Amino acid sequence: PPPTSPLSTPLPPLTAALTGGLTLPKIQGLPPLAWRVQARPAAGHSLAFDATATAPGLELRLEFTLPGGESPGTWRLVRAKCDVALWWRLSSEQAGITTLPADFTLAGQLTLEGSGWWRGAEATGTLHATLAAGTAGSKSQHWSASGLELAADLELAPTRVAVRTARAQVDTIQAAGLTGRNLIFEIAGAEAGRLVVSRAEVAAFGGRIALAPFTFDPVAPAVNSLLEFSGVSLGDLASLVPQAIQQAGGQVAGRLSLNWSRQGGMGPANGALTAAAGQPATVRLASSPGLLTGNSPPRIALLPAAMGPLSRWFSLENPAHGMLQRIELGQAPLAVENLSLQLYPDGAGGARSATVEVVARTTGAGDVVEKVTFTVNVSGPLDHVLRLGLDDRTNIRLNTAK
């Protein structure tokens, strides 16, 4: 028989391991990385590789095979754990992220696992990511979040990373002096890279505030949805406007439209809140002399003022004046029937940015004033001076039964 070629003889099983360290002095703050790659026999006289890497706050283990012929290589991310607080700042600086405030902080334990195929510089597959015990915040922007938990399933394609599903939960979030708890956010991937926000809600103001489901396009970010309020404490809401409301109680529920886009910012919004069934909502106004009596004189003239003293003699006492004065001084409570809300983009020169129309009844039996409607106007940016005043829609209904 012809002699056997040495090249046609199957190679014996091969096992090898390489270890080393990696330092990149040009990347400031990058800790040294210890790595190990082990090769072992695989089916079809191929090789499989097991790679590990460790650094302060980082653990990585990756298994992969090489492409062969028409078959791509495989990869499996067995474990990747990262201390986010340690690696976030370094990775964001290298990525050139500039949209976040300089004092933005992010902490927690990030874990990744997944599998797929690869060839050349392209990889496909799926990843599962979790973030545990997370915190985030910015002192300059006056907000913080604690108890952050995240779980996401991602799909890897040669040109993009798409979200299949994601769920985030935050125990406590504080912003602009307000506190929200048990924030829940759930999304799912849709066509053309869009995201369907199926659940977004938070416990705040003694009740629950939720966004109706909507579709979000990361390429052209915009939100068009409804804010739904349920079991919200009117007292907690009133605490935001102490210049207007002295005291409030009860619960309200309702909806407020929400329209925002990255290009146009916040758009006009409107909605209404009503007293919850079995939970009467009441308010006492902060003392505002002339708020109601400015349009309701103590006496009602029967003759024109041009007739001089005669017009004063022929006048009647205004039966509503005293009651209206008690209301505007915060001495008489009002039972709130409806709150109509309108929000406007902040205008140049301190234009009106919000209006709340209040429809309320007096609570005393046989009161002369039965019903009153007034508005709360916010001028300029929402965090500037609040002005309480009347507009042309103000009306007073008298109790004619008395």
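The values are calculated or read from the model by the stated rules, or taken from the named source; none is laboratory data. Since we're looking at a predicted model, the values are computed, not measured. Note that we place each Cβ from the backbone using ideal geometry, even for glycine, and neighbour counts take in every protein chain shown. For accessibility, only protein heavy atoms count, side chains too; no ligands or nucleic acids. Shrake-Rupley method; radii C 1.70, N 1.55, O 1.52, S 1.80 Å.
How about region 245-270: which of its residues are assigned to a strand (DSSP E or B), open to solvent by less than 70 Å² (accessible area, probe 1.4 Å) and farther than 14 Å from residue 224 by Cβ?
Selection gives 245, 248, 249, 251, 252, 253, 254.
Confirm whether residue 230 is farther than 30 Å from residue 127 by Cβ and not charged (D, E, K, R).
So residue 230 fits the description; yes.
Matching residues to (1) assigned to a loop (DSSP other than H, G, I, E, B); (2) over 27 Å from residue 36 (Cβ atoms):
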position	(1), (2)
63	no, no
74	no, no
77	no, no
80	no, no
93	no, yes
100	yes, yes
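Filtering region 138-149 down to residues that are in contact (Cβ under 8 Å) with a residue 24 or more places away in the chain and assigned to a strand (DSSP E or B), which residue is surrounded by the most Cβ atoms within 10 Å (Cβ to Cβ)?
Ranking the qualifying residues of region 138-149, first place goes to 148.
Mind checking which pairs have a first residue in region 328-341 that is in a loop (DSSP other than H, G, I, E, B) and a second that is open to solvent by 30 Å² or more (accessible area, probe 1.4 Å), Cβ under 6 Å, 6 or more apart or different chains?
Between residues of region 328-341 that are in a loop (DSSP other than H, G, I, E, B) and residues that are open to solvent by 30 Å² or more (accessible area, probe 1.4 Å), the close pairs are 329/287; 330/246; 330/284; 330/287; 332/326; 333/282; 333/284; 333/363.
Kindly list, by first and then second residue, each pair from a residue in region 77-92 that is in contact (Cβ under 8 Å) with a residue 12 or more places away in the chain to a residue that is open to solvent by 60 Å² or more (accessible area, probe 1.4 Å) and part of a strand (DSSP E or B), limited to pairs with Cβ atoms under 6 Å and residues at least 6 apart or on different chains.
So the pair list comes out as 77/113; 78/61; 79/61; 80/60; 81/59.
Given the criteria open to solvent by 40 Å² or more (accessible area, probe 1.4 Å), among the β-branched types (Val, Ile, Thr), more than 19 Å from residue 56 (Cα to Cα) and without any contact (Cβ under 8 Å) to a residue 24 or more places away in the chain, does residue 130 qualify?
Here the answer is yes, as residue 130 does meet what is asked.
To keep it simple, each residue is scored yes or no on (1) modelled with pLDDT of 95 or more; (2) within 29 Å of residue 264 (Cβ to Cβ); (3) open to solvent by 30 Å² or more (accessible area, probe 1.4 Å); (4) hydrophobic (A, V, I, L, M, F, W, C).
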| position | (1), (2), (3), (4) |
| --- | --- |
| 136 | yes, yes, no, yes |
| 156 | no, no, yes, yes |
| 160 | no, yes, yes, no |
| 166 | yes, yes, no, yes |
| 173 | yes, yes, yes, yes |
